[in-house]
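Step one of this worksheet: look at the structure below.
The values are calculated or read from the model by the stated rules, or taken from the named source; none is laboratory data. Source: prediction; values computed, not measured. Ideal geometry is used to build each Cβ from the backbone, glycine not excepted, and the neighbour counts take in all protein chains shown.
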Amino acid sequence: MAIVKEAYKALEAVVGAKYLSDDPAICEGYRSGPCGYEAGTGYERVMTKIPGAVILPRSTEEVQKIVKICNRYVIPYVPYSTGFYGPRSHPHVENALLVDLKRLNDFEFDEKHWYANLGSGVIYSQFQEECLRRGGYVVIGGGGAQASVIANLIGDGWSPLTHRIGLPHRRILGTEVVLPDGEILRTGSLAVGDDPFWGDGIGPDLRGLLRGYTGLRGCLGIVTKMAVKVLPFQPERLQPTGISPNTALALPEKRVKWVNYIMPSKAAQVKAMYEIGKAEIAGAVTKVPLFWRVIAKAECKEEFWTEWLKETPETIANFHIVRVLLIGFTSEEQMEYDENVLNDIMMELGGQPRRTKPSDESWIKNADSAGMWLMCGSYVSVDYVIETLAQATEHGPVYAELKKKYTPPLMPDHGDPGWFQSFELGYHGYSEFLIYWDQDEDTTGVDHFYLETSKMNIDHRFYTALIGPHQPMYLTGPKYGPNYHEWMLKIKNELDPLWVCHPPVPFAHDEFVDRAPWMHELKTWESPKKSPYPEWLQKQLAAETAAFLAKK
Amino acid sequence: MPTTKVNLETTDLNNYKYDMSRCIKCKGCYWVEHTYQPGVKFSTRCPSNLWNDFDSYGAFGKMRIGTGLVEKKLDWSPTLLEIVYADPLCGACDVGCKRNLDLEIELSLEAMRVKAVQDGAGPMPAHKKIAQNIASFHNVFGATHANRKQWVTADIKVAKKADVLYFVGCTASYRNKEIAQSTAKILSAAKTPFMLMPDEWCCGNTLQSVGMLDEARELAKRNIEMVKNSGAKTVLLSCAEGYRMWKVEYPKLLNIATDDLGFEVVHLVEFADEALKRGDLKLTRPFETRLTYHDSCSISRLADPWTPWSGERGWMGTVSPPLKRRRGAHGLYAQPRNVINAIPGVQFVEMIRTRENAFCCGAGRGTKEAFPDLASFAAGHRLEEVKEVGAEVLVSACPWCKNNFAQAVKEDGSSVKVMDFSELILASLEA
Amino acid sequence: MINRDELAKIVGKENMSDAQAVLLNYSSDHSLVPPGVPECVVWPTTSEQVGDVLKWANKNNVPVVPVSSKVHFNGGAIPRQGGVMLDLSKMNKIFEINVDLKKARFEAGVTWGQLAGELAKKGMRVMMPLLPHANRSVLVDYLEREVPTNTVYDYGEPMMGFEVVWPNGEVFRMGSASVNGYPDSGSKGGNPSGPGIDFYRLVQGAQGTMGAVTWTNLKIMFQTKKDKVFFAPVNDLAYANEFLYRLLPRRVGQEVVLLNRVDLAAIVAENMPADFEKLRATLPPWTLAIVISGLTRRPDEKIAYEVNLLKEIVKNEFRKLTVDEALPGFPGLGGKLLSLLRNPWPADVPYWKNRWQGASQSLFFIARPEKTPKFVDVVEAVAPKHGYPVADIGSYIQPIEHNRACQVEFTFFYNGADAAAKARIAALYRDAARALIAQGALFTRPYGDLATMVYERAAGYTMALRRVKKVFDPNNIMNPGNLCF
């Protein structure tokens, strides 16, 4: 049933007719797939729908009115900033209202106090340029320069620059959230006034409701405005150069420099990260998969494969690179100090510097995530977890081993163990494992691998990014906390009693496993007999499951 | 893995099924390329999606819509037609996407229009009127064909035979005679004799742009034949849209390569740059002004030469034989800048969005006629940028840009002077 | 009437007491919060015992007040509705000190004195707030968001994965310590965030109202190889602020503190009251202290580049400031202050704030640094109205993270044995708080009276907080009457 007329009229009164539409052509433009992050998977095909209507509010007040109307008429709604995160950012039930937040793009900068106050429509490359212009910088999350700053900061928000800048959670200052039932929550210093400069408090910190480790995928409200910390950088300009597709930032070499080192072994590679963290130098320290370097050099997909297929498991296993970004925050003298210390470490460990371009094609401003789709057409990260260097350096090979069973359809990568690096000056370690495939092939293996990694992490007692809404809650819940899922369910029921905010998240992956016949064999855990949803949602999900199975 | 036969013909939308279905919604088609991102202001390069905020109006939305058309999920409707046609096809999306990927966005958008025409749904009524004008009067305006050469004043010498053929185009012939006259005088000043088409007809830009390929192809054949008969070695244009038509679309329509046309296609900015280097063009009269330059799309992003291709797509979407994709890297970026920098007295200040990041004026390829509001919006937005950099004069290399900007200036009430590139050069030539 | 036998069964008879003398220890502290007496106290020794106590408390609807330190300054652990003191001080194991991963894991009962001593043996240290009392719980101080004296790190927040016992008695690990089988696991507990939601945030600043935290992982640091302490006498606070706005974003300095003459005298005086009075009279109005340190590698070069920039900025942009390794007239202060900044305040002498008159009350809040002169004016206007001399106000400004913000702390000193003086200070405290709030002072940790003042201005936040509290503590047994609960 489409959105009822009364509700549609009420919504129209909030934003004006120009910013609301239920036209099929408009709604089709908001389809999740067929491609994108985590698209080309069973989850995307089974769980996403095009919206019943799309609305574009301009302010927190308009968002609040919209949410209240949705509660009044029991209309499922989904917050959407850029939609880049893939199926999980799109409606999962029919006739949902997609709340497109791109018009919330106000931006203010407080240079003296190192933060910017911005809306959900502001993306990272805009933000980073505003920071660089003022002698500051931020982490552009691995999602890319095109990601919404707010959406990324409540679900992701790290990159090699996190070696110095640290967890994204700490960069969230005064924030405005429209809770699922339409109440407004203002956190930090915004709780008591209009100044968003501070993030903690008052007393217990309700920023705890914003994200978890990798986000709530929009099921606990809509963040409309956020003050975000900016970190001091250095004063020299990073000049954009080149014509697309060969663009880069030219680095002022006395203040910003990448250096690549070839290490004699994995042990040396890992030790380098520990030592650099211990010495408290550098702005980034990372090791990335070898095929990323091939992507960067290849002019097209075909060239990539021609080069990549020359590699072998042996060349991969023996490729130990450490990339270090030196930043002269304080002065040129400090840059020299950092470089001297780095050279000391590399001398001790046998690291050999390679000729490195005096430019940045990624990470500082571009964050080249779109290249991830070049090789095969489909991509998802099956982990992007912050833990310690102890877990980070051991995590990837465990994935690589499991992946062999699912290759094909997964891309042949000669057992590459993903990437890992130091975060927060060695207090944390980061590991990410990425998979690629062609969605025109049978993707059952992709869906299975994705779920099997969750069980693998449980067995190995690893922490993982794919927790919460990313995997079946009844699988991971009992094994982490334990029973974090029960608390999430209680919070969800308290704040969203009608379950109108992006249903059935956070249980969407549970629904997927139950709905998709090819997933049933993997279900080795119990789900409770009593459904966690209110009656209207139970009915709707049952009907949509039946429709899906009938189509098959 | 089985392979699929594929080629670059826009007459079959299925040729672009892979491309459209592989859009990752990164909006590289919408934003200024991130390396060059100037901040929160002037941060996009898609006029359609800035004019209408719904995702469907950006290329990333249209790729989903195109996939929907191929999969027969969507029927033609007024909204769908607006989505497909309210778009100057400026190429920003194509170049933006190809920064990282191998997807043919521009060609997909063209193919959607061809399908609209094939299905009898398109083009827009205003485009049909233009098609009628061309059929009846050989120009987009429906003006008297016999008056096409009225721009030629007594002081302009047209050669009976020359290596260079100046293709004037409809707009300069009828609406912007000053451009044609300035161009002619520049050629003379550079000691370059030129001829005109004995009987110049429209280049067919609007027809090709809106998906009326058969009509466009007839014009292409006719015009090429006429050039060949003239013995010209070079076709020179002062209109960016015309330049694109001759250099890229004519070969595309005839399934040949640009190199196989049998003559060179050159825009005035290229000619001037070469003439300057040779010493044949002397820009010595000072022009004291603070000036900025708008990169017209059809001599920038859309200007890479055409090579036909057909082959197969197979494993992981790879194609064979190898396909060197057009990524907009060979636009005429340096040439106009060389010329501007050679003019004494000019304080040249770049726009915030330049070259492949330039924001289209919104007029071209049938957009102004069918969607005057979009064209006016885009030009008004670009004018804000002109004012932001403090320019007194705005120069472009296309009459469509000039006229649209001039209208925007008038509506805005500002004092920015809008000039064509030909007028700028002329102003710097000694009398 | 509490069934003490049931409690004794859970923790063992020797770990339960209802002796009056014992209970009185919990009824008041160094703050002005009115006394409240618990009915009994238990000292669990395991997380499971903590869980069982809380299950029992829920079943019997008995308030529970968690406490871990042996000395308290803010009244957060004074029971308001009787009940049971859940004293975790016997849970004082240090499970591990991992130098490679730069973290330590230890229980709530571990004190600053204990931890600092063990870390020093391994060449390590921990980032500290200003002069933490040796008998205070490290875990609780960081849970309560005490502000560290170190301004240079981007990532702040030293807490990593920790364990809480929820009010319903469930033992729960958060962050990457949540993996099954921890610590015998691939995950080492380094990440505080998740799983699912950020539970750790809900427990921070909660003064024991959301659960009882039993152990934590904490970031530790290598000891510095070399240090230099620079001083600048400050007469013009606004000018000093501008200097810090300029200097600190350039990542110069480790510990940076700004203390007025009263506070600095109270900290460094050898003999009370003679030394204190002399120092108070002769110290500049404010003293800015900047510690510049060489770390594990090339320490001299690190010190050199920081000092070079410091001197360059002073010379070119802040000529009115004299920055030197000695504070004129106070030889040896650098070494003395450094030692104080890097060690907990010893437990066997009166706390520095109480050395002068026996008692004190501090008022601390977060602010934009440029507003600090205004806040000083506010307090200096209020104090005399309560008969408190302006010259007796202790002031401490702690820059935070490149000086993006600061913590401001005013301290009022009084004779604790004089009831009238205490009442005057209490009235001054409340008045000053109100006046400061009206000027935008941000009390993010509202202890005692401050809670009502702050939460009544935060209606939306308070409402949301109560909804969340309802989820975790539906019977409101955890430290009821505290904060806004």
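What number of residues within region A:381-405 satisfy the criterion of being more than 30 Å from C:THR296 (Cα to Cα) and either assigned to a loop (DSSP other than H, G, I, E, B) or in contact (Cβ under 8 Å) with a residue 40 or more places away in the chain (or both)?
So the answer is 9.
For the list (1) crowded, with 16+ Cβ neighbours inside 10 Å; (2) out of contact with any strand residue (DSSP E or B) (no Cβ under 9 Å at 6 or more places or on another chain); (3) outside any loop (DSSP other than H, G, I, E, B); (4) not small (Gly, Ala, Ser), I need the number of the one condition that C:LEU483 fails.
For C:LEU483, the exception is condition (3).
For the condition acidic (Asp, Glu), modelled with pLDDT under 95 and buried (at least 20 other Cβ atoms within 10 Å of the Cβ), what is the one hit in B:ASP55, B:ASP102?
B:ASP102 is the lone residue from the list that is acidic (Asp, Glu), modelled with pLDDT under 95 and buried (at least 20 other Cβ atoms within 10 Å of the Cβ).
Test each condition in (1) surrounded by 23 or more Cβ atoms within 10 Å (Cβ to Cβ); (2) touching a residue at least 40 places away in the same chain (Cβ under 8 Å); (3) out of contact with any Ser or Thr (no Cβ under 6 Å at 6 or more places or on another chain); (4) under 19 Å from B:TRP31 (Cβ atoms) for A:ALA145 and report the one that comes out false.
Answer for A:ALA145: the failing condition is (3).
Do we have B:ARG313 as in contact (Cβ under 8 Å) with a residue 12 or more places away in the chain, at positive phi and not acidic (Asp, Glu) here?
So B:ARG313 does not fit the description; no.
Working only within region B:25-66, note down all residues that are among the β-branched types (Val, Ile, Thr), within 7 Å of chain A (Cβ to nearest Cβ) and either part of a helix (DSSP H, G or I) or under 21 Å from B:SER296 (Cβ atoms) (or both).
Within region B:25-66, B:THR35, B:ILE65 meet the criteria.
Does region A:269-280 contain at least one residue that is more than 12 Å from every other protein chain (Cβ to nearest Cβ) and either modelled with pLDDT of 95 or more or surrounded by fewer than 23 Cβ atoms within 10 Å (Cβ to Cβ) (or both)?
Scanning region A:269-280 turns up at least one residue that is more than 12 Å from every other protein chain (Cβ to nearest Cβ) and either modelled with pLDDT of 95 or more or surrounded by fewer than 23 Cβ atoms within 10 Å (Cβ to Cβ) (or both).
Of all residues in region B:11-24, which are more than 7 Å from every other protein chain (Cβ to nearest Cβ) and either within 13 Å of B:GLU104 (Cα to Cα) or buried (at least 24 other Cβ atoms within 10 Å of the Cβ) (or both)?
B:LEU13, B:ASN14, B:ASN15, B:TYR16, B:LYS17, B:TYR18, B:ASP19, B:MET20
Taking the options A:PRO417, A:PRO408, A:PRO412, name whichever one is assigned to a loop (DSSP other than H, G, I, E, B) and crowded, with 22+ Cβ neighbours inside 10 Å.
Unique residue meeting the criteria: A:PRO417.
Being more than 9 Å from chain A (Cβ to nearest Cβ), over 16 Å from B:GLY120 (Cα atoms), in contact with a helix residue (DSSP H, G or I) (Cβ under 9 Å, 6 or more places away or on another chain) and not in a helix (DSSP H, G or I) is the requirement here; does B:ASP87 meet it?
Spelling it out, B:ASP87 is indeed more than 9 Å from chain A (Cβ to nearest Cβ), over 16 Å from B:GLY120 (Cα atoms), in contact with a helix residue (DSSP H, G or I) (Cβ under 9 Å, 6 or more places away or on another chain) and not in a helix (DSSP H, G or I).
Might you let me know whether region C:238-250 holds any residue that is surrounded by fewer than 22 Cβ atoms within 10 Å (Cβ to Cβ), at the interface with chain A (Cβ under 7 Å from one of its Cβ atoms) and within 23 Å of the chain's Cα centre (by Cα)?
no
Looking at this structure, is A:LEU425 over 21 Å from A:ILE467 (Cα atoms), assigned to a helix (DSSP H, G or I), touching a residue at least 60 places away in the same chain (Cβ under 8 Å) and touching a helix residue (DSSP H, G or I) at 6+ places or on another chain (Cβ under 8 Å)?
yes
Just for strands (runs of 3 or more DSSP E) wholly inside region A:102-212: which have at least 1 residues that are touching a His at 6+ places or on another chain (Cβ under 6 Å) and of a type outside the set (D, E, K, R)?
By residue number, no strands (runs of 3 or more DSSP E) qualify.
Might you check whether a residue that is of a type in the set (Gly, Ala, Ser) and facing chain C (nearest Cβ under 9 Å) occurs anywhere in region A:516-539?
Taking every residue of region A:516-539 in turn, none turns out to be of a type in the set (Gly, Ala, Ser) and facing chain C (nearest Cβ under 9 Å).
Are there strands (runs of 3 or more DSSP E) fully within region B:234-304 with at least 2 residues that are aromatic (Phe, Trp, Tyr) and modelled with pLDDT of 95 or more? List them.
Qualifying strands (runs of 3 or more DSSP E): none found.
Tell me whether region A:200-216 contains one or more residues that are more than 7 Å from chain C (Cβ to nearest Cβ) and touching a helix residue (DSSP H, G or I) at 6+ places or on another chain (Cβ under 6 Å).
The answer is no, given that none of the residues of region A:200-216 is more than 7 Å from chain C (Cβ to nearest Cβ) and touching a helix residue (DSSP H, G or I) at 6+ places or on another chain (Cβ under 6 Å).
Restrict the check to region A:395-417 and report whether at least one residue is within 14 Å of chain C (Cβ to nearest Cβ) and polar (S, T, N, Q).
no
From B:LEU424, B:LEU383, grab the single residue that is outside any loop (DSSP other than H, G, I, E, B), under 20 Å from B:ALA172 (Cβ atoms) and at pLDDT 95 or above.
Unique residue meeting the criteria: B:LEU424.
Does region B:326-338 contain at least one residue that is more than 28 Å from B:LEU103 (Cα to Cα) and surrounded by fewer than 18 Cβ atoms within 10 Å (Cβ to Cβ)?
Yes, some residue in region B:326-338 is more than 28 Å from B:LEU103 (Cα to Cα) and surrounded by fewer than 18 Cβ atoms within 10 Å (Cβ to Cβ).
On the basis of being in contact (Cβ under 8 Å) with a residue 12 or more places away in the chain, touching an Asp or Glu at 6+ places or on another chain (Cβ under 6 Å) and either β-branched (Val, Ile, Thr) or assigned by TED's automatic domain parsing to the domain that holds A:HIS520 (or both), does A:THR464 make the cut?
Criteria met by A:THR464.
Name the single residue, out of those in region C:138-162 being out of contact with any Asp or Glu (no Cβ under 9 Å at 6 or more places or on another chain) and of a type in the set (Asp, Glu), that is nearest to C:SER193 (Cα to Cα).
C:GLU157
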